[in-house]
Number of protein chains: 2
Amino acid sequence: MSDSKLSYAIIGSGALGGYYGARLQHGGADVHFLLHSDYGHVAKHGWTVDSTQHGDITLPKAQAYRAAADMPRCDIVVVGLKSTSNAQLPELLPHVVKDGGCVLTLQNGLGPEDNAAAVVGAENVLGGLCFLCSNKVGPGHIEQTRFDRIKFGEHSRRGITGRMRQIAADFERGAVDIDLAEDLPAARWEKLVWNVPYNGLAAVLARDCSVLMDNDHTTALAHDLMLEVVASAKAVVGHDIPLAFVDKMLNNTKHMGPYRPSMMIDREMGRPMEVEAIYGEPVRRAEAAGVAVPKMRMLYEQLKLLDES
Amino acid sequence: MSDSKLSYAIIGSGALGGYYGARLQHGGADVHFLLHSDYGHVAKHGWTVDSTQHGDITLPKAQAYRAAADMPRCDIVVVGLKSTSNAQLPELLPHVVKDGGCVLTLQNGLGPEDNAAAVVGAENVLGGLCFLCSNKVGPGHIEQTRFDRIKFGEHSRRGITGRMRQIAADFERGAVDIDLAEDLPAARWEKLVWNVPYNGLAAVLARDCSVLMDNDHTTALAHDLMLEVVASAKAVVGHDIPLAFVDKMLNNTKHMGPYRPSMMIDREMGRPMEVEAIYGEPVRRAEAAGVAVPKMRMLYEQLKLLDES
């Protein structure tokens, strides 16, 4: 088990970016964190991660920065911002991506890789889907409660590349579950099968997943929304999602307990919701491919109203 | 101007039934009120109606009843209950409808006439749509702020009948705006063009009509919902609603100010919403006629969740 030769910049060091950055550093990688409110604390005291699953971490020292312009250029720039902040990427990324380096976006929905590609070129972008439950519980202090898997892959080609294996090894040395995606667009659409019904319905109706799945009407609606995602995945990226996967998602969610999706929490906290990444882009791509997605579109329009008023 | 020869029973004497009953009595009709919480007050002090539009009314005496079994049988039984209480009709109506008398339901959506018809026979039922803004402001005290028009007609046949003219004359003597409907089902579907988008969206999103119409996304969604109602009206009752009517409804609502539909207020107050009459019945009838109404159905399912959890 040797140390990484890659350097990492973490853009957006919150409950997600901070968690994975701390894991990478714990595994031996050279990690640089861009921070806002927690800058002072992390610069002085580093990171604390509580995790019953993968072991607690204390990192008394961390390389912390207040501005992208102060950071060294790195091999891998991990974007852990919410997708609603991606308008900042053209300003941030040019400072931190080394020549020959690349960007790994760890964001929800569709579009984040395109946002990064517009700045650094599509061939220099990888994208990851995170299955992570973590919270900021204090400055520089993160609690990870369940899962931390990342499924990631290349944005501009299919298959598994050398840099994917290198990055995977770095995360795995930090005890993060990694899954390599040979077909990132297919993986993104598959994740939408869950995200499209539950994030939006929970946010609009202000009810957690167990309430939605205890009711026959919203269970039927979640099912219909999943079928629209399946039809879209087929038309937009040629990916066949088996109906057994839809049944599995419904069934898993039915037994998930009172889970509150991120968009529901964002609405409660009055924070911007990731409406464009999870709904706007998927709806536009589905409709451009000739697929009727009336219920996804309706949920999009309801969420836009809530986000804008 | 002669007094009415018809007797009236008002079943459900709230802001709507109480208002119209007081108007009928003010016009000279023999009116009998079924009351719950306001019984004591109305039995002792009668009704007060404030109305800048049609003139205030004070009726110091009113024929008030606590139970249908105590009421005399009347020629015209006006049902002013919310449609969510229609399960009570089989118990109430047999006590109060005179032989040869009839029931006039003043309720929202589709189905109220069928509920009454199941008890007294379809040929003895008339139905009315109310365009009324009124509130209970105290016991036996109603404020009418805008509109009070009733459009009513026969349930089991088309055209204008003698009893329709008689009832209209009684209301008009009380200064109520009356419009005779030659085709009640067509009139009901036309009213749904407004009710389907605005009642449900305002209730689900907790935003009044002016907020919904200030936003391009929910304006587009309201438009799509109206088009589903138009297609349903054509398929279910053979009624052509011109697209100019849709444009007029959108435009009127855009300039209506911060209007809060009844279903939005019901949700806020934790009262049952009229989900089946305004959504369940229309959706089932449209789908049975082969019309795709995905957005009406989605709104129905969202409202059912809110009503049941």
Query raised in the report: So which residues in region A:130-171 are surrounded by fewer than 14 Cβ atoms within 10 Å (Cβ to Cβ) and small (Gly, Ala, Ser)?
Result: A:Gly138, A:Ser156, A:Gly159, A:Gly162
Query raised in the report: From the residues in region A:239-259 that are closer than 19 Å to A:Asp216 by Cα and surrounded by 14 or more Cβ atoms within 10 Å (Cβ to Cβ), which one is modelled with the lowest pLDDT?
Result: A:Tyr259
Report task. For region A:31-58, enumerate the residues that are within 26 Å of A:Cys102 (Cα to Cα) and crowded, with 18+ Cβ neighbours inside 10 Å. Result -> A:Val31, A:His32, A:Phe33, A:Leu34, A:Leu35, A:Asp38, A:Tyr39, A:Val42, A:Gly46, A:Trp47
Report task. With respect to B:Val204, determine if the residue is closer than 18 Å to A:Arg297 by Cβ, among the β-branched types (Val, Ile, Thr), touching a Ser or Thr at 6+ places or on another chain (Cβ under 7 Å) and in contact (Cβ under 8 Å) with a residue 60 or more places away in the chain. Result -> no
Query - region A:281-309, residues that are away from every other protein chain (no Cβ under 13 Å) and surrounded by 22 or more Cβ atoms within 10 Å (Cβ to Cβ) - result: A:Pro282, A:Ala286
Query raised in the report: Right, A:Ala67: among the aliphatic types (A, V, I, L, M) and within 13 Å of A:Leu92 (Cα to Cα) or not?
Result: yes
Query - Which listed residue is surrounded by 23 or more Cβ atoms within 10 Å (Cβ to Cβ) and more than 14 Å from chain B (Cβ to nearest Cβ), from A:Leu180, A:Leu192 - result: A:Leu192
Query raised in the report: Does B:Thr105 qualify as being under 20 Å from B:Arg271 (Cβ atoms) and part of a strand (DSSP E or B)?
Result: yes
**Report entry** So B:Asp214, is it at the interface with chain A (Cβ under 9 Å from one of its Cβ atoms) and at pLDDT 95 or above
**Finding:** yes
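Here's the yes/no breakdown for (1) closer than 28 Å to A:Arg157 by Cβ; (2) part of a loop (DSSP other than H, G, I, E, B):
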residue	(1), (2)
A:Val230	yes, no
A:Met256	no, yes
A:Met273	no, yes
A:Arg297	no, no
A:Leu303	no, no
Report task. Go through region B:156-180 residue by residue and tally those that are of a type in the set (Val, Ile, Thr), assigned to a loop (DSSP other than H, G, I, E, B) and within 13 Å of B:Cys102 (Cβ to Cβ). Result -> 1
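Can B:Lys82 be described as in contact with a strand residue (DSSP E or B) (Cβ under 7 Å, 6 or more places away or on another chain), assigned by TED's automatic domain parsing to the domain that holds B:His54, in contact (Cβ under 8 Å) with a residue 60 or more places away in the chain and surrounded by fewer than 22 Cβ atoms within 10 Å (Cβ to Cβ)?
Here the answer is no, as B:Lys82 does not meet what is asked.
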Report task. Sort out which residues of region A:108-129 are assigned to a loop (DSSP other than H, G, I, E, B) and buried (at least 24 other Cβ atoms within 10 Å of the Cβ), and write them in order of number. Result -> A:Leu110
Requested in this report: Return the only residue of A:Arg284, A:Arg267 being in a helix (DSSP H, G or I) and free of Cβ contacts under 8 Å to residues at least 12 places away in the same chain.
Outcome: A:Arg284
Query raised in the report: In region A:100-110, is there at least one residue being over 25 Å from A:Val275 (Cβ atoms) and in contact with a Lys or Arg (Cβ under 8 Å, 6 or more places away or on another chain)?
Result: yes
Report summary line: Quick count over region A:199-238, residues being among the basic types (Lys, Arg) and surrounded by 18 or more Cβ atoms within 10 Å (Cβ to Cβ), is 1
Query - Conditions (1) closer than 20 Å to A:Asp224 by Cα; (2) surrounded by 14 or more Cβ atoms within 10 Å (Cβ to Cβ); (3) among the small types (Gly, Ala, Ser): number failed by B:Ala277 - result: (1)
Query raised in the report: Does B:Ile278 qualify as being away from chain A (no Cβ under 13 Å) and free of Cβ contacts under 8 Å to residues at least 40 places away in the same chain?
Result: no
Query raised in the report: Restricting attention to region B:222-230, does a residue exist that is within 14 Å of chain A (Cβ to nearest Cβ) and either more than 21 Å from A:Pro294 (Cβ to Cβ) or touching a Phe, Trp or Tyr at 6+ places or on another chain (Cβ under 6 Å) (or both)?
Result: no
Query raised in the report: Do we find a residue being under 23 Å from B:Gln302 (Cβ atoms) and either in a helix (DSSP H, G or I) or within 14 Å of another protein chain (Cβ to nearest Cβ) (or both) anywhere in region A:235-245?
Result: no
Query raised in the report: Of the residues that make up region A:141-149, is at least one within 21 Å of A:Gly109 (Cβ to Cβ), in contact with a Lys or Arg (Cβ under 6 Å, 6 or more places away or on another chain) and of a type in the set (A, V, I, L, M, F, W, C)?
Result: no
Query raised in the report: When you go through A:Ala22, A:Ala69, A:Ala9 one by one, which is the residue that is among the hydrophobic types (A, V, I, L, M, F, W, C), in a helix (DSSP H, G or I) and surrounded by 17 or more Cβ atoms within 10 Å (Cβ to Cβ)?
Result: A:Ala22
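The values are calculated or read from the model by the stated rules, or taken from the named source; none is laboratory data. Since the model is a prediction, treat every value here as computed from it, not as a measurement. Cβ atoms come from the backbone with ideal geometry, glycine included; neighbour counts cover every protein chain shown.
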